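Structure first, then comments.
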Amino acid sequence: MNNQEPATILLIDDHPMLRTGVKQLVSMAPDITVVGEASNGEQGIELAESLDPDLILLDLNMPGMNGLETLDKLREKALSGRIVVFSVSNHEEDVVTALKRGADGYLLKDMEPEDLLKSLQQA
């Protein structure tokens, strides 16, 4: 990512406080930028299609279309970016299911901010 445009991230999470916190954290890194945010799966899919971000950070548990359903629909689209599930669940079954259904990674919401930023930069 040296001397290139910053990597773009789309946040899909139903919690406004979390989206705001992630945006503030990402704003500290010059090599990544949040280009959009959605509070539900339907809105997230629309934004993903129009923005085609480098990375989609996707909540697993959302009302309406949940994260796995959203993941399935995102994988049906011709998106070039990676999709990383971002969840409070550390249950092995949730991790395995998300990866089997096409997630490129799985991060826990209780991780340290510095570790999250590092993980996003590496994704």
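The values are calculated or read from the model by the stated rules, or taken from the named source; none is laboratory data. Model, not experiment: these values are computed from the prediction. With ideal geometry, Cβ positions are generated from the backbone for all residues, glycine too; neighbour counts draw on all protein chains shown.
If Leu47 satisfies all but one of (1) free of Cβ contacts under 8 Å to residues at least 60 places away in the same chain; (2) closer than 13 Å to Leu117 by Cβ, what's the number of the condition it fails?
It is condition (2) that Leu47 fails.
Residue under question is Arg19, and the condition is that it be among the basic types (Lys, Arg), over 18 Å from Gly102 (Cβ atoms) and touching a residue at least 12 places away in the same chain (Cβ under 8 Å); does it hold? Let's see the steps before the verdict.
Working: among the basic types (Lys, Arg): yes; over 18 Å from Gly102 (Cβ atoms): yes; touching a residue at least 12 places away in the same chain (Cβ under 8 Å): yes.
Considered against the rule, which asks whether it is among the basic types (Lys, Arg), over 18 Å from Gly102 (Cβ atoms) and touching a residue at least 12 places away in the same chain (Cβ under 8 Å), Arg19 comes out as yes.
Can you tell me which residues in segment 85-123 are aromatic (Phe, Trp, Tyr) and in contact (Cβ under 8 Å) with a residue 60 or more places away in the chain? Show your work before the answer.
Of all residues in segment 85-123, those aromatic (Phe, Trp, Tyr) come to 86, 106.
Across segment 85-123, the qualifying residue is only Phe86.
Taking the conditions exactly as written (modelled with pLDDT of 90 or more, under 26 Å from Gln4 (Cα atoms), more than 13 Å from the chain's Cα centre (by Cα) and not in a helix (DSSP H, G or I)), does Pro30 satisfy them or not?
Values: modelled with pLDDT of 90 or more: yes; under 26 Å from Gln4 (Cα atoms): yes; more than 13 Å from the chain's Cα centre (by Cα): yes; not in a helix (DSSP H, G or I): yes.
Here the answer is yes, as Pro30 does meet what is asked.
Within segment 88-112, take every residue that is surrounded by 12 or more Cβ atoms within 10 Å (Cβ to Cβ) and among the acidic types (Asp, Glu) and give me the one that is modelled with the highest pLDDT.
The qualifying residue modelled with the highest pLDDT is Asp104.
Quick one: how many residues across segment 27-53 are among the hydrophobic types (A, V, I, L, M, F, W, C) and over 17 Å from Arg82 (Cα atoms)?
As a first pass, look at segment 27-53 and keep what is among the hydrophobic types (A, V, I, L, M, F, W, C): 28-29, 32, 34-35, 38, 45, 47-48, 51.
Imposing the further condition that a residue be over 17 Å from Arg82 (Cα atoms) reduces the set to 28-29.
The qualifying residues number 2.
Would you call Gly44 assigned to a helix (DSSP H, G or I), within 12 Å of the chain's Cα centre (by Cα) and not aliphatic (A, V, I, L, M)?
Values: assigned to a helix (DSSP H, G or I): yes; within 12 Å of the chain's Cα centre (by Cα): yes; not aliphatic (A, V, I, L, M): yes.
Against the criterion (assigned to a helix (DSSP H, G or I), within 12 Å of the chain's Cα centre (by Cα) and not aliphatic (A, V, I, L, M)), Gly44 qualifies.
Can you report the number of residues in segment 18-42 which are polar (S, T, N, Q) and buried (at least 16 other Cβ atoms within 10 Å of the Cβ)?
Of the residues in segment 18-42, the ones polar (S, T, N, Q) are 20, 24, 27, 33, 39-40.
Checking which are buried (at least 16 other Cβ atoms within 10 Å of the Cβ) leaves us with 33, 39-40.
Count: 3.
Which residue, of Leu60, Leu116, is among the hydrophobic types (A, V, I, L, M, F, W, C) and over 14 Å from Ile12 (Cα atoms)?
On the way: Leu60 fails: over 14 Å from Ile12 (Cα atoms).
Within the list Leu60, Leu116, the selection yields Leu116.
Which one is nearest to Leu58 (Cα to Cα), of the residues in segment 75-123 that are touching a Leu at 6+ places or on another chain (Cβ under 9 Å) and among the polar types (S, T, N, Q)?
Ser87
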